[in-house]
Amino acid sequence: MRKLILFIVWGVVVAFGVNWLSQQTGKASIEWLGWQIDVSTSLLVSLLVGGIICLFMLQRLVKGFISWPSWMSANWRARRKIGGERALGLGMVAFAAGDFKAARKQARNAEKLLGAGMLPDLLSAQAAHASGDSRAALRYFTALSKQEDTAYFGQIGLMRLTHEKGQSAESIKNARAALALNPDSAPAAALLLAHDLTRQNWVGAYDKVGLLAGHNQDGLGPADTSLLAAHICLMIADQKEKAADRHDWLTRAAGFSERLTAPALRRADDEHRAGKTRQAIKTIETAFRALPHSDYLEALSNLTDDNEGQFVSRIGKLAVASKNTDKGYLMMAQAALDKRIWASASAALEKISPTARTNQFFLMTARLAEMRRVEGESFAVERDNALRQAAIAPRGPVWLCESCGASDEQWQVTCGSCDTFGQVGWGVSNDRQNLISA
């Protein structure tokens, strides 16, 4: 529509111009080489304008004829580029859909149309790797590793390829090269971390575990890096001979994760051996406030000179100040039951909110009823009801492996089920525990 309006406007302008020239009077005389030409001025102007237009059109025609080969070449390149980009897109779609054969075919088409480049080589490498053609994948990843812009990705591809083929030395070499190119590379750090853990190179593992925060690299990285870091700090602390160095690494372990009781227990034990019993008690009480746990009950019982009532009162105060008061009161109830102070145990259990009453709560209720029954009072019905509730109640926290989900009654450095290092921490399992036999 816009072009039509412009055409009409120009047509009107030209018509007015022609009409104006036709109405002008006057003659022009030209003498040249003995010739004299007399012509009207309006016709002369029209001829000059027409000649200029013809010269301009001739110039455009000659220029177009001269540039025709380059225009054809550019058009040919543009068609190849469009076709190559379309092949790349189809190859990526096929790769995402899992049709690796079609992805490799489109990668070859893209390479044919676009030539060797970053995207065609990358698609070819990924498709070859996924389809199991290790030779082609090796060739493509090697080519990527020799280009400055893609060197890092080539090294990562070679690292994964050699790792899958069991070539440990080569995969470690590629991982180190990748980490040198990109110091923040989580995949490379994960593989080197696994290597250091196997060799028990705890200091080297500690240097790399920080890069994996927030990552889970397809089985290479740990499920919980903070928990792993805490375990590594524990291992380093065990190797330290100086008390100050050992204390520093145990403090780091406690800072990484509150789901372990070992750091605080070992620090308190070292402080107690050094004659710093008050400091040891303070260490355990601080850890209890962060994570009320039965391990801390036993440690405080051994460290303090409290009588039975004083000890239960101490645990009660810690429960009130803890991050999780429900768990704190549960530990107070356990301490009171161990000291056979029924009133305190009953009071602590009553303070636990209904939503936090796990199987452990009902087991302690049943234990309290059983102790009273032994003393001659009739609490058998209450005990049986508590046991039935324990069977269907949500399970309380246990020592849980973050890697395989297996639970255990005791903490272990390495999971007894999946043999994974540093993933056992205090947590809640999704499973329910059947505590009543049929």
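A few remarks follow.
- Highest mean packing comes first when the peptides 237-249, 347-359 are listed by Cβ atoms within 10 Å, giving 347-359, 237-249.
- 3J(HN,Hα) couplings calculated from phi for segment 294-306 with the Karplus curve 6.51 cos²θ - 1.76 cosθ + 1.60 (θ = phi - 60°) are, in sequence order, 5, 4, 6, 4, 5, 5, 5, 4, 7, 8, 8, 9, 5 Hz; Gly and Pro show x.
- Residue-span extension gain [residue 388 to residue 86] - 0.36 nm each, minus C-alpha spacing: 102.2 nm
- Taking 207, 295, 184 and counting other C-beta atoms within 10 Å, the order from fewest to most: 184, 207, 295
- Table column - 3J(HN,Hα) (Hz), segment 381-389, Karplus curve with 6.51, -1.76, 1.60, x for Gly and Pro: 5, 4, 5, 5, 5, 5, 5, 5, 5
- With a simple spin-label model that places each label point 7 Å from the Cα along the Cα-to-Cβ direction, the separation between residue 356 and residue 149 comes to 5.8 nm.
- Within segment 183-213: backbone nitrogen closer than 17 Å to the residue 168 label point (7 Å, Cα to C-beta): 190-202, 204-205
- Placing a label point 7 Å from the Cα of residue 274 along the Cα-to-Cβ direction, the residues of segment 237-253 whose backbone N falls under 12 Å from that point are 242-251.
- Each residue in 325, 365 was given a count of other beta-carbon atoms within 10 angstrom of its own, and listing them fewest first yields 325, 365.
- The slack between residue 16 and residue 428, meaning 0.36 nm per residue of separation minus the straight C-alpha distance, is 139.1 nm.
- Cα-projected label distance for residue 201 with residue 134, points at 7 Å along beta-carbon direction, nm: 2.4
Where a number appears in this text, it was derived from the coordinates with a stated rule and is not lab data. Here the structure is a predicted model, which means the values were calculated and not measured. We place every Cβ from the backbone using ideal geometry, glycine too, and count neighbours over all the protein chains shown.
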